[in-house]
Amino acid sequence: MKSKIVAILETRTGEHLAELIARRGGVPMPAPALEEVPDVDSKRWAALLDGCEARPFTMAIFQTAVGTRALFEAAEALGSTPALMRMLNKAVVAVRGPKPLGELNSRGVGIDIRAAAPFTTDTVLDAVAAVALKGGRVLVQRYGEANPKLCDALAARGAAVEEIATYRWALPADTGPLVRLIEALSSSKVDAVVFTSAAQVRNLYAVAERMNRSAALAGLLNAVVVASIGPVCTSVLTEYGVRPTFEANPPKLGPLVHGLAAALS
């Protein structure tokens, strides 16, 4: 990886990822593609918590740590933390991965179901397949974007699904680093691009569209090493015609950087 230019689209753990790459001799090129915008509808959240005594939730699904934390903070601001805890004590609590698991454990919430790696919508659905849902209600903590596949599958089993947003992924206010990344790709000045979420792919293409470069972007990416954090990210890259060089397994930063070093060696 020595002296190789590696573009990083990650925002939240971007500095840590850059450090891991630099330790192996790579040259990180930060190009944050996401900005987390708080998006909790306090009135709707209050109504759901107020009504859960009369209409309890059968199951609650938590997908991210940041979203789980946002729901608890919003409940605290409303003075409804006791109602939230009572609701979760009565419901089957399912988590998508280790991060929401840790957040819930820190708050004393018991976990009933854990989705298996690689922590996709499919593994969540497999994990909750045995839960009786007909006529019940399911609370889904939304990821950075809506998850119609998950919600539709739960509804098809007879559940009333309440998907509540906690934050949304938007383009950063400063898209200059993404513009410079696309220009660097066009000039063959990038050796690898690391994608750690599907939303990063969409936002990179949104910026390329503004530059009238979207048609050429897949070809530019396919000419370098493309690292994908996992199957969801890989699926979206493939939709855009981009062939990931490799996919981290398991979908964590350690295996991602290890695979990157191997691909660039």
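All of the numbers you see were taken from the coordinates with simple rules; none came from a lab. On a predicted model such as this, the values are computed, not experimentally measured, just so you know. Note that we place each Cβ from the backbone using ideal geometry, even for glycine, and neighbour counts take in every protein chain shown.
Under a point-charge model restricted to the Cβ atoms of Lys and Arg (+1) and Asp and Glu (-1), what is the dipole moment magnitude of the chain relative to its Cα centre, in debye to the nearest 20?
360
Quick one: which residues, 5+ away or cross-chain, put their amide H under 5 Å from the amide H of ARG168? H built at 1.01 Å from N.
Under 5 Å from the amide H of ARG168: VAL37, ASP39.
Give the calculated FRET efficiency between ASP122 and ARG44 to the nearest 0.05, with a Förster radius of 30 Å applied to their Cβ-Cβ distance.
0.60
Taking amide H positions as placed in the peptide plane 1.01 Å from N, state which residues far from ALA7 in sequence (5 or more) or on other chains have amide H under 5 Å from it.
MET29, ASP191, ALA192, VAL193, VAL194
Looking only at GluC sites (Glu not before Pro) in DSSP loops with at most 16 other Cβ atoms within 10 Å, what is the longest site-free stretch of the chain?
Formally, the longest exposed-site-free interval is 146-265.
What number, in percent, do you get for the relative contact order of the range 131-265 if the mean sequence gap of Cα pairs under 8 Å and at least 6 apart is divided by its residue count?
Computed over the range 131-265, the figure is 17 percent.
Suppose the chain between ALA77 and GLU162 were pulled fully straight at 0.36 nm per residue; how much longer would it get relative to their current alpha carbon spacing?
28.5 nm
Test of understanding: in a Gaussian network model of the chain with alpha carbons linked when under 10 Å, which of LYS90, LYS43, LYS134 would top the mean-square fluctuation ranking?
It is LYS43.
Kindly state, to the nearest 0.05, the FRET efficiency for SER106 paired with ALA262, given R0 = 30 Å and r defined as their beta-carbon distance.
In this case the efficiency is close to 0.25.
Once the other residues with Cβ under 13 Å from the Cβ of ALA116 are scored (Lys, Arg +1; Asp, Glu -1), what is the net sum?
After counting each charged neighbour, the total is 0.
Around ALA60, which amide H atoms from residues at least 5 apart in sequence, or from another chain, sit under 5 Å from its own amide H, with H modelled in the peptide plane?
Answer set, sorted by chain and number: VAL92, VAL93, ALA94, LEU139.
Classify the range 37-169: rounded, prolate or oblate, from the alpha-carbon gyration tensor (a ≥ b ≥ c, eigenvalue square roots; a/c under 1.5 rounded; otherwise prolate if a/b is larger than b/c)?
rounded
Rounded, prolate or oblate: which one fits the range 88-144, using the alpha carbon gyration tensor with axes a ≥ b ≥ c (rounded when a/c is under 1.5, else prolate when a/b beats b/c, else oblate)?
Because a/c hits 1.5 or more and a/b fails to exceed b/c, the range 88-144 counts as oblate.
Can you list which of the trypsin sites (Lys or Arg not before Pro) found in the range 141-205 are DSSP loop residues with at most 15 other C-beta atoms within 10 Å?
Here the sparse-neighbourhood loop sites are LYS189.
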